[in-house]
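Contents: one structure, followed by commentary.
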């Protein structure tokens, strides 16, 4: 008996663009309706360049290409018995449906690409009314510590970009600035753990690229969000977009007011005499500020466009802290009782101008881009310190910085499956720090400048970079190979002491990204990249600054950059209603920078008692080998229910020495996250996020584990033109950071709650000339998704 004929798979590919602007349409849906089975049997979506490629069985199909607010393209009764190249498909706007679409499409929460994961913020209810730090703390692989510092896979050297570039929205102090930028301004966050040569080499952990919202709709449209909360917080933000003809004008503006209480407790025992410092600090950090992002896109012709924008932010803060220091002897007898009140006023202003020119050639993907950016940052701090009822110290610091950014990229497709890319980038950073300390002269009653602490530090960091990379796809195998060269020119100018130093170093940074597709649902990736961490001005400033009478921070101008090489092996599989993404990685770093605490041998007099001074400084102490495993699983049983879990386990082995002290250590730590989103009766969305950060240790520090639970509810109103959301941050009030510090001189037990206590937030969003539109479609690669 003859064997039945085997149905063959055929490749269908094409490119989808906007008919008017000629820009690629990412996430356009391509579906195949089978005449034989009388149902949609397969489909895919376009990538960032508007390209798609899929294998389908031979047969007769209706092929539909759809994109929200655009007219559907349909190719009916198409017989596919050989490979099909549909070429470029141009979609035009559907003017009749423009008023029925929301700016934010509800897409899959986590998308996996060759070199990155993309986290779509629109579906996360727990960050409504929050800020960028809240968003990042909920992103897989990312963590935010007690002081707002961001880490990726447990590594705190992360490069943060806005729309793919350095930005004035981040400013001089990224942790403070990111807490001022509202969550509603963000569309998605790209987690790039294996950056290609296109990206700058800075950031040994990788890159976080924050993409801001921008509407693609014709006409006038926008949204406004207002929120109130406890502890006292309030804010209002809005985005408006007007698109007509060849112009697209967009603006996002926000105002935020926030009060964040916190505390810091330190119990230090000195080994030489057994004396004890019992120090407790309470504070309320009040911050307020306005941020505005205004821009214009001009489509000059079918192939060229110009985008200009201006970002402005003005933030003010008052950190009112009260520190009580008790000194006891080894027998617990009270030696002194000291009360220090430190109200610190902060005023920061950032302004940034940017320009982009894009030229698209006739061949899809063939383009040239040029970017120019200038920003100016100013940050002023002032403190009048009161000790035991007497004004004793005046601390002031003025930081003035300016940056110029230049970049050009050229992309050239070679045939159907290959691409060559090259580019240049220049970063020019100048920062001046003017730090002044005035101490009360008890004899004269006048404040006098302390010349040992007062200083001016000029820092210049110029970087020139060039790169090229080549990528190709051969059957199921794809590769992207690149090489980047970066030259760094540092200038350290200390007018106070007369010291002046120039440093120059050049590095080569190869990148390799490989992928093998077993099928449409399953692939294996392998990445290698070399990166570095440059010491910034605060780390290099040799003059000390005081956080309290007994604690001093001092930079080291001799710090060397940290170089790191990493290998990352990833696996992705979509099956049934699950999406599984795993990664195993190894990283080796040299000249690793760590903060070192030690006694200075100096003493200060407090209530007639000589108190030892503790110094904290950065230092190149070690070589680090880091091994890790990451696991992410998404389960989507229906449109109304999604569960996502993320787990990261890593082992850090430090081999180092500093100032005669051994800093060898081995630290096994982990982080787990569970997010559950469910639509309950009355169409109320309920989301719960559980985060656990495991304990960790190094040569001097032991940190306890931290558990945090966030809860949120959301409901659409007024025929889906508005939404109301309520969330609770740190439901069980457990986000406290505790641990110990031990050196040859002392042992300190610490307890820190920097980001405030449990908080409540209520937010309301209203959309005009828009309406939320939810389309439920079958995920052709397994599972169900919201579009």
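General observations
- Scanning segment 558-585 for residues that are modelled with pLDDT of 85 or more and not in a strand (DSSP E or B) returns 558, 559, 560, 561.
- Flag if residue 663 is in contact with a strand residue (DSSP E or B) (Cβ under 6 Å, 6 or more places away or on another chain), surrounded by fewer than 17 Cβ atoms within 10 Å (Cβ to Cβ), closer than 30 Å to residue 453 by Cα and in contact (Cβ under 8 Å) with a residue 40 or more places away in the chain: no
- Check on residue 628, over 26 Å from the mean Cα position of the chain (by Cα) and either in a strand (DSSP E or B) or at pLDDT 85 or above (or both): no
- Boolean, residue 645 is at pLDDT 80 or above, surrounded by 15 or more Cβ atoms within 10 Å (Cβ to Cβ), more than 30 Å from residue 525 (Cα to Cα) and under 30 Å from the mean Cα position of the chain (by Cα): no
- Residues satisfying the stated conditions in segment 706-730, i.e. crowded, with 16+ Cβ neighbours inside 10 Å and not in a strand (DSSP E or B): 720, 721, 730
- Qualifying residue in segment 188-197 (condition: touching a helix residue (DSSP H, G or I) at 6+ places or on another chain (Cβ under 9 Å) and at pLDDT 85 or above): no
- Qualifying positions in segment 212-237 - at pLDDT 85 or above and buried (at least 20 other Cβ atoms within 10 Å of the Cβ): 225, 227, 229, 233, 235, 237
- Unique residue being in contact (Cβ under 8 Å) with a residue 40 or more places away in the chain and touching a strand residue (DSSP E or B) at 6+ places or on another chain (Cβ under 8 Å) when the list is 380, 371: 371
- Residue 411 vs. criteria touching a residue at least 12 places away in the same chain (Cβ under 8 Å), under 34 Å from the mean Cα position of the chain (by Cα) and buried (at least 16 other Cβ atoms within 10 Å of the Cβ): yes
- Looking only at segment 491-519, and only at residues there that are free of Cβ contacts under 8 Å to residues at least 40 places away in the same chain and within 28 Å of the chain's Cα centre (by Cα), the one that is nearest to residue 433 (Cα to Cα): 506
- Test result for residue 432, assigned by TED's automatic domain parsing to the domain that holds residue 612, part of a strand (DSSP E or B) and surrounded by 20 or more Cβ atoms within 10 Å (Cβ to Cβ): no
- Check on residue 587, under 23 Å from the mean Cα position of the chain (by Cα) and assigned by TED's automatic domain parsing to the domain that holds residue 489: yes
- Test result for residue 619, in a strand (DSSP E or B), surrounded by fewer than 17 Cβ atoms within 10 Å (Cβ to Cβ) and in contact (Cβ under 8 Å) with a residue 40 or more places away in the chain: no
- Qualifying residue in segment 483-494 (condition: modelled with pLDDT under 90 and not in a strand (DSSP E or B)): no
- Inter-residue pairs, beta-carbon under 7 Å, first surrounded by fewer than 18 Cβ atoms within 10 Å (Cβ to Cβ) and in segment 470-486, second not in a strand (DSSP E or B), 6+ apart: 472/417; 473/417; 483/197
The values are calculated or read from the model by the stated rules, or taken from the named source; none is laboratory data. Just so it is clear, the model here is predicted, and its values are computed rather than measured. Methodologically, a virtual Cβ is constructed for each residue, glycine included, from the backbone with ideal geometry; neighbour enumeration extends over all protein chains shown.
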